[in-house]
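Visitor: Sending over a structure as structure tokens; questions will come in a sec.
The numbers here are math on the coordinates, done by the rules we state, and not lab data. Treat the numbers as computed from the prediction; the structure is a model and nothing was measured. Every residue, glycine as well, gets a Cβ built from its backbone with ideal geometry; the counts of neighbours run over all protein chains shown.
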Amino acid sequence: MAKSLKLWLLLGVFVLPVVSAWVLLRQGWYQGGVTNRGELLASPVSFAWLRQPEPQWQILYAAPPTCDDACQGAMFNLRQVPQVVGESAQRLQSRVLLSKSETRPQVKHSVIDANSTAVSAAPENRVAALNSYAMTAEQQAAWAELPFGEAAIYIVDPLGNVVMAYPVVEGKVAILAQGKDIVRDLKRLLKVSRIG
């Protein structure tokens, strides 16, 4: 009797965790661990025009003609993220995408004002200018087809694949949190990437 009880206990110790894990997965009660903060695109979208002669990771934002608070927050993050990434900053480039017909957005530089919840314009000497790229009408139409359209900051790998998106946000706290999320994801991507 004692031998069969020990055998059943021993069997239970090894079989019960396997059965429990199977039930958890089968019922959908377990959500796999996600380490990225941005929205990982289900299938990366490739644009040949985003490939650079010298492969680099890119942070891109398609700026509207008039820059509202969300746009200003995105511009702020585009400027700040490469500075915070650290030693891998030379592997990264921030760019603003514009349509061929427009020039830079009305707000050229922005910075978070410590005394308000909004993002406000800053003088030229406080923040360096961003690189820009003038998109053709076809490129702009293709960009608008992305999951978040033009209302997101995107991370593009050195091969020209759009891999992650960060929908633009408003408000000082949300903008700063989004910047931290982008930095966290980029540091991880740059660490494991062998290209760019």
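Visitor: Can you order the peptides 140-150, 61-71 by their average number of other Cβ atoms within 10 Å per residue, highest first?
Guide: 61-71, 140-150
Visitor: Taking amide hydrogens as modeled 1.01 Å from N in the peptide plane, which residues meet the under 5 Å criterion relative to Met164, leaving out close sequence neighbours?
Guide: Here Leu41, Ile155 satisfy the definition.
Visitor: Could you sort 48-55, 72-79 so that the peptide with the highest average Cβ count within 10 Å comes first and the rest follow in order?
Guide: Ranked by mean Cβ neighbours within 10 Å, highest first: 72-79, 48-55.
Visitor: Using label points projected 7 Å from each Cα along Cα→Cβ, tell me how many nm separate Gln27 and Trp49, to one decimal.
Guide: Roughly 5.2 nm, to one decimal.
Visitor: Another question, if that's okay. Using packing as a proxy for protection, rank 90-98, 185-193, 155-163 so that the peptide with the highest average count of other Cβ atoms within 10 Å comes first.
Guide: The peptides rank, most packed first, as 155-163, 90-98, 185-193.
Visitor: Something else: Counting Lys +1, Arg +1, Asp -1, Glu -1, what net charge surrounds Glu87 among other residues with beta carbon under 13 Å of its beta carbon?
Guide: Once all neighbours under 13 Å are counted, the net charge is +3.
Visitor: So, one more: Give a residue-ordered list of calculated ³J(HN,Hα) values for segment 162-169 (Karplus: 6.51 cos²θ - 1.76 cosθ + 1.60, θ = phi - 60°; whole Hz; x for Gly, Pro).
Guide: Working through the residues one at a time gives 7, 10, 9, 9, 10, x, 5, 10 Hz.
Visitor: With the crude spin-label approximation of a point 7 Å out along Cα→Cβ, what separation in nm comes out for Val18 versus Arg184?
Guide: It works out to 3.7 nm between the two label points.
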